[in-house]
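Working notes for the structure below.
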Amino acid sequence: MNRERGSISLGLLVVCVVLALGAQLALLWSGQEAKRTGETLLNKQLRVLCVSAFRSLPPTGLPAGEWELCRGSLRPSQGEVVVTGKSEYSDDGLINFLEVSAAVVNQTSAVQRLRRLRVEFAPCQQELAANYALASKVIEGSEHLNSGKLYIQATDEEVKLPAVEFFQNRSALSITPSEVKTQGLSTQFTFLPSSSAFSFAATSSPMKGATVLGTQGSISIGKGCSFPERLVLVSRRGNIVISQNVSMAKALVIAYGNVTVEAGCKINGLIIANRIILKGASTFTKDADVVAPFVSTAYIN
């Protein structure tokens with residue numbers, strides 16, 4: 001009888017220990033869940049503050065500098081929050097970077113940032129786009145032009161490249177040809193510092209996404225590619241090759257070296273380069289809107 005009672009007591013003890021451990025684990029889990037829920041709520045609050053402050057700023061004309069936009073506290077955390085703004089310009093003054101940050105004071109990890117790039121183009125290039133579709137110091141294959149009035153011999157100032165290297169560390173860090181093919185172009189704007197060539201693979205599917213893509217290297221566009229939205233391509237140190245039957249609905253194409261256009265292309269916009277090479281008949285049309293101010297999608301970082 002005593003052994004039976006002892007056995008029952010031991011079993012109850014084991015059950016109690018298991019229940020106690022379960023309760024502790026449940027308490028720990030609930031504490032971690034509460035922490036994660038609190039962090040999620042805080043990040044949402046900071047994002048809302050960012051967006052609200054961002055929308056309160058004028059779209060243009062912001063001076064370079066940093067400012068405190070507001071300061072207060074959040075509930076239920078009661079943490080003190082400061083919202084700041086920062087505006088920076090490229091050396092040529094044509095590209096603006098705007099960043100609005102909302103951060104909890106003394107918590108380095110509790111911060112949300114909303115960023116945006118705005119690109120303008122030189123007045124001489126705006127004048128080119130209003131009157132011409134091609135501008136270069138040298139042209140080869142001009143006999144293929146559908147109209148002689150579409151081309152002009154350009155000056156050094158007119159072929160000057162936009163300072164797209166200013167995008168670095170302020171925009172999308174990278175983009176790959178495979179990502180472009182499956183996801184489309186990034187509307188955040190991109191600068192690729194590598195001297196390696198960037199290739200758009202030949203495809204019959206439209207490559208969607210209005211963007212500015214700058215690179216140190218060359219750019220090649222495969223046969224049959226179609227760009228239905230606004231596009232700016234800039235090669236800082238290389239060449240750009242546009243293969244057969246490429247269609248660009250609203251494009252500004254600028255290269256330090258050559259821009260080669262193969263036969264059968266339809267390009268609405270402006271091509272600027274030191275040398276333009278036409279390898280067959282294509283259709284070119286001018287469009288002044290390709291040098292209108294271009295604003296990236298605002299994005300949380």
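Restricting attention to segment 195-215, report how many residues are over 15 Å from residue 171 (Cβ atoms) and not in a strand (DSSP E or B).
Adding up the residues that qualify gives 10.
What number of residues within segment 218-261 are open to solvent by 10 Å² or more (accessible area, probe 1.4 Å), closer than 24 Å to residue 296 by Cα and part of a strand (DSSP E or B)?
Residues that pass the stated criteria total 9.
Since residue 122 meets every condition but one in (1) in contact (Cβ under 8 Å) with a residue 60 or more places away in the chain; (2) within 23 Å of the chain's Cα centre (by Cα); (3) open to solvent by less than 60 Å² (accessible area, probe 1.4 Å), which condition does it not meet?
(1)
Filter segment 129-162 down to residues that are crowded, with 18+ Cβ neighbours inside 10 Å and either at pLDDT 95 or above or assigned to a strand (DSSP E or B) (or both), then give me how many there are.
8
Among the residues of segment 262-301 satisfying the criterion of being among the charged types (D, E, K, R) and surrounded by fewer than 16 Cβ atoms within 10 Å (Cβ to Cβ), which is farthest from residue 186 (Cα to Cα)? Step through it out loud before you land on a result.
Residues of segment 262-301 that are among the charged types (D, E, K, R), as a first pass: 262, 266, 275, 279, 286-287, 289.
Okay, now just the ones that are also surrounded by fewer than 16 Cβ atoms within 10 Å (Cβ to Cβ), so 266, 289.
Numbers: 266: 23, 289: 20 Å.
Looking at the filtered set, the residue picked out is 266.
One residue is enough: does segment 30-48 have a residue meeting the conditions out of contact with any helix residue (DSSP H, G or I) (no Cβ under 9 Å at 6 or more places or on another chain), exposed (fewer than 10 other Cβ atoms within 10 Å of the Cβ), modelled with pLDDT of 60 or more and not aliphatic (A, V, I, L, M)?
no
Can you confirm whether residue 98 is modelled with pLDDT of 95 or more, in a strand (DSSP E or B) and over 30 Å from residue 202 (Cβ atoms)?
yes
Can you tell me which residue among 168, 153, 188, 126 is touching a Lys or Arg at 6+ places or on another chain (Cβ under 9 Å) and under 24 Å from residue 63 (Cα atoms)?
Among 168, 153, 188, 126, only 188 is touching a Lys or Arg at 6+ places or on another chain (Cβ under 9 Å) and under 24 Å from residue 63 (Cα atoms).
Could you count how many residues in segment 106-119 are farther than 30 Å from residue 136 by Cα, open to solvent by 30 Å² or more (accessible area, probe 1.4 Å) and at pLDDT 90 or above?
So the count comes out to 2.
Tell me, yes or no, whether segment 52-65 has at least one residue that is farther than 21 Å from residue 162 by Cα and at pLDDT 95 or above.
yes
Can you tell me which of (1) aromatic (Phe, Trp, Tyr); (2) in contact (Cβ under 8 Å) with a residue 40 or more places away in the chain; (3) closer than 16 Å to residue 49 by Cβ is the one residue 67 doesn't meet?
Single failed check for residue 67: (2).
Only one residue in 87, 56, 73 is under 25 Å from residue 296 (Cβ atoms), free of Cβ contacts under 8 Å to residues at least 60 places away in the same chain, hydroxyl-bearing (Ser, Thr, Tyr) and open to solvent by 40 Å² or more (accessible area, probe 1.4 Å), so which one is that?
56
The values are calculated or read from the model by the stated rules, or taken from the named source; none is laboratory data. These numbers were taken from a predicted model, which means no experiment stands behind them. No Cβ is skipped: glycine too gets one built from the backbone with ideal geometry, and neighbour counts run over all protein chains shown. Just the protein is used for accessible areas: all its heavy atoms, side chains included, with ligands, DNA and RNA removed. Shrake-Rupley method; radii C 1.70, N 1.55, O 1.52, S 1.80 Å.
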